[in-house]
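Please treat every number below as a calculation from the coordinates, not as lab data. Because the structure is predicted, anything quoted here is derived from the model rather than measured. Every residue, glycine among them, receives a Cβ derived from its backbone with ideal geometry; neighbour counts consider all protein chains shown.
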């Protein structure tokens, strides 16, 4: 199975959006793919794949390209535990659950 077949559509859409954003930022800075590749520490082939939103490209290269281009400031929001609403609700629910003391059920029936 190809990598893209295993990924949900919204994931592929976001990769393409991020890749396009990196491409636009690179071009606005009048950088070639080779220039960006040199600063990221990879090849221009990898930069080309990033700009196309290729899902098989290492996330480290995507993040480094964002950092080089000065677009890194919002990355800390990704998988931020403080923004995990469902997880926080479940965690609070577990904390508020009253545990039954051991031995509270008699065997007296």
Give the order of 45, 76 when sorted by the count of other beta carbons within 10 angstrom, beginning with the fewest.
76, 45
Please give the calculated 222 nm ellipticity per residue for the chain, where each DSSP H segment of at least 4 residues contributes -39500 (n - 2.57) and the sum is spread over every residue; nearest 500 deg cm²/dmol?
-17000 deg cm²/dmol
Taking the reciprocal of mean 1/r across every pair of different Cα atoms in the range 48-96, the Kirkwood radius in Å is 13.2
Using 10 Å bins from zero, what percent of all Cα-Cα pairs in the chain falls into each bin?
12, 32, 22, 12, 8, 7, 5, 2, 0
